[in-house]
Amino acid sequence: MSPFADLPPVNAGVPLLEAVGLSKSFGPVQVLKDISLGVNAGEVHAIIGENGAGKSTLMKLLSGHLQPTHGELHIGGETVALTGPVDAERRGIVLVHQEILLAPDLTVAQNVYLGRELHKPGLVGGIVVDDRAMNAGARQAVRDLGADIDPDVVVGRLSIAQRQLIQIARVLLVPHRVVIFDEPTASLTPVETDALLKVITDIRAKGVGVFYISHRLPEVKEIADKVTVLRDGRLVASHPASELEPVDMARLMVGRDVAKLYPDRQAETGRETVLEVEDFSVPGYAQNASFKLRKGEILGFAGLVGAGRTELMEGIVGLRPGRGALRIGGKPAQFANVDASLKAGIAYLSEDRKGKGLLLTEDLRINLTLASLDRFQRGIQIDSARERAALDKAIAEFDIRASRKDMLAGQLSGGNQQKLLLAKMMMTDPGIIIIDEPTRGIDIGTKEQIYKFIAELSAQGRSIIVVSSEMQELIGICDRIVVMRGGRLVGEVAGEHMNENEIVVLATGVKSGEAA
């Protein structure tokens, strides 16, 4: 089916969608200032910038989710005032949100077709839902994105990456003329990312205009025709992608030369084992996993979406039922819940920092001390003065950039939320730290900081497990990388074998040059 099915015509030879002098303020705070840009038919226009630069706000203005304070939107050269996202969709403008906006208690197919259900013709006036047709359509829409997910499974059981694929599939089923992707690959591995980029290439060839936000600059270089840079709510540069390399994009984003992204590491041997996992299983997700973590080591876990990495870690710390042998410092351990693993010195930083890691509607102080409240008790009361002192120290140590100390966690940018989560878990003084997707949705300048924090924690003698969908990230910061496929540990790479080719071979089971 044509992506333009059922859409009104637009004027030829002008941008499909154009912003002219857009500004946006929230109360006295101006977050966007006089932005003018557009996207043409068959063009991918990438918008890049640090966290807090205004990218997501701009995309919400372009898709009707927010109204501009000043400025205009043009569709096919005609001035329009979008009344909301439904109006934008009616005009062919669709947005793939950075946040996951799915109903967790509904199935994959029900989410994909929510609000536009398919019905069986001729039965009770055509009001009977056609579950078989929706299941088939949802399965194919997800397969087009390079994944195979059961359309009958409840979305709440899926990983963050799988949910992101469902969200993309849902949006692309809507007739569209302009698609806005806001960090669509943040939780995807290179294999799933490649599949999505192929889909974008295909829709571009059909004359669709694409706005594309990503912090993965090599990916931007690969897919974009044009790159626009925002900094502090202003448009600071716009160039053909052919004129920019990723290092140029990074310099434009942060306004300075970015230092070496990954800190230097010298892997040591013969260190004592601090965590042993033997024949550990998480029913339905991971089977018979065995590995060791040494003191001061950074151990990476790689794998495709659905490989079971997150679920294995959640089982180890007591967030999911698991069975098998765990030993900490040589002593047997088993955790019924995450409080027990935390008391044993294991801190777990969830990949879902907004849903599981932080209380977005509470202030920074409450979030920082929540996992270590016993340290701030004075009798039956909490010592607020000590909490405030701890917050001051955390803001300085982890460079948490907050306009006010009493602001809510949800008002921070993604990068600063991640730094707050890291500071929160370090308040528990853990010896073992498990970090799931440490830089998902984070700009390159903040990534550099997070990698430095992780290296410093390792240098202090803390042992770290990093689960990441970014292979270059794992290669850049880890001493060893364990690879999972289909819920099992299928191999380990270290030294000169830590390269993308060897990791992909293990993760997919397909050697280079073979058909999948």
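The values are calculated or read from the model by the stated rules, or taken from the named source; none is laboratory data. Bear in mind the structure is a predicted one, so any value in this text is a computation, not a measurement. In this analysis, Cβ positions are derived from the backbone assuming ideal geometry, glycine residues included, and neighbour counts consider all displayed protein chains. To get the accessible areas, we keep the full protein, side chains included, count just its heavy atoms, and leave off ligands, DNA and RNA. Shrake-Rupley method; radii C 1.70, N 1.55, O 1.52, S 1.80 Å.
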Answer from Val128, Val191, Val124, Val153 - the residue that is in contact with a strand residue (DSSP E or B) (Cβ under 9 Å, 6 or more places away or on another chain), farther than 26 Å from Thr57 by Cα, of a type outside the set (Gly, Ala, Ser) and modelled with pLDDT under 85:
Val128
One residue from Glu362, Glu311 being acidic (Asp, Glu), under 24 Å from Gly284 (Cα atoms) and within 25 Å of the chain's Cα centre (by Cα)
Glu311
Mind checking which strands (runs of 3 or more DSSP E) fall wholly inside segment 149-239 and carry at least 1 residues that are of a type in the set (Phe, Trp, Tyr)?
178-182, 209-213
Would it be correct to say that Ile395 is under 24 Å from the mean Cα position of the chain (by Cα), of a type in the set (Val, Ile, Thr), at pLDDT 85 or above and assigned to a loop (DSSP other than H, G, I, E, B)?
no
Residue check: is Ile100 in contact with a Phe, Trp or Tyr (Cβ under 8 Å, 6 or more places away or on another chain) and not in a helix (DSSP H, G or I)?
no
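So, of the residues in segment 421-473 that are basic (Lys, Arg) and in a loop (DSSP other than H, G, I, E, B), which turns out to be farthest from Asp392 (Cα to Cα)?
Narrowing segment 421-473 to residues basic (Lys, Arg): 424, 440, 447, 452, 462.
Going one step further and asking which of them are in a loop (DSSP other than H, G, I, E, B), we end up with 440, 462.
Details: Arg440: 26, Arg462: 23 Å.
Among residues in segment 421-473 that are basic (Lys, Arg) and in a loop (DSSP other than H, G, I, E, B), the one farthest from Asp392 (Cα to Cα) is Arg440.
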Could you grab me the full set of residues in segment 450-463 that are within 20 Å of the chain's Cα centre (by Cα) and either among the β-branched types (Val, Ile, Thr) or surrounded by 24 or more Cβ atoms within 10 Å (Cβ to Cβ) (or both)?
Ile450, Ile454
I'd like to check something: does segment 36-45 contain any residue that is within 30 Å of Pro151 (Cα to Cα) and either surrounded by fewer than 18 Cβ atoms within 10 Å (Cβ to Cβ) or at pLDDT below 95 (or both)?
no
Run Met407 past the list (1) more than 21 Å from Ile435 (Cβ to Cβ); (2) open to solvent by 20 Å² or more (accessible area, probe 1.4 Å); (3) in contact with a helix residue (DSSP H, G or I) (Cβ under 8 Å, 6 or more places away or on another chain) and report the number of the one that doesn't hold.
(2)
May I ask you to list the residues in segment 34-54 that are more than 21 Å from Arg177 (Cβ to Cβ) and either of a type in the set (A, V, I, L, M) or outside any strand (DSSP E or B) (or both)?
Ile48, Gly49, Glu50, Asn51, Gly52, Ala53, Gly54
Subset of segment 299-321 that is open to solvent by 30 Å² or more (accessible area, probe 1.4 Å) and touching a strand residue (DSSP E or B) at 6+ places or on another chain (Cβ under 8 Å) - its residue that is modelled with the lowest pLDDT
Leu304
What tally of residues in segment 66-84 results from selecting those that are open to solvent by 20 Å² or more (accessible area, probe 1.4 Å) and out of contact with any Lys or Arg (no Cβ under 9 Å at 6 or more places or on another chain)?
7
Residue that is nearest to Val466 (Cα to Cα), among those in segment 328-362 that are among the charged types (D, E, K, R) and open to solvent by less than 60 Å² (accessible area, probe 1.4 Å)
Glu351
Which of the following residues is crowded, with 17+ Cβ neighbours inside 10 Å, in contact with a His (Cβ under 8 Å, 6 or more places away or on another chain) and closer than 27 Å to Asn40 by Cα: Val179, Val208?
Val208
Options Val142, Val96; residue that is crowded, with 17+ Cβ neighbours inside 10 Å, without any contact (Cβ under 8 Å) to a residue 60 or more places away in the chain and within 22 Å of the chain's Cα centre (by Cα)
Val142
Kindly list, by first and then second residue, each pair from a residue in segment 224-236 that is at positive phi to a residue that is charged (D, E, K, R), limited to pairs with Cβ atoms under 6 Å and residues at least 6 apart or on different chains.
Gly233/Lys33
Can you report the number of residues in segment 7-35 which are under 29 Å from the mean Cα position of the chain (by Cα) and open to solvent by less than 30 Å² (accessible area, probe 1.4 Å)?
8
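The rows are residues; the columns are (1) under 22 Å from the mean Cα position of the chain (by Cα); (2) buried (at least 17 other Cβ atoms within 10 Å of the Cβ); (3) within 14 Å of Ile48 (Cβ to Cβ).
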| site | (1), (2), (3) |
| --- | --- |
| Thr228 | yes, yes, yes |
| Leu235 | no, yes, yes |
| Ser238 | no, no, yes |
| Glu245 | no, no, yes |
| Gly255 | no, no, yes |
| Lys260 | no, no, no |
Per the filter on segment 405-420, residues modelled with pLDDT of 85 or more and in a loop (DSSP other than H, G, I, E, B) are Lys405, Asp406, Met407, Leu412
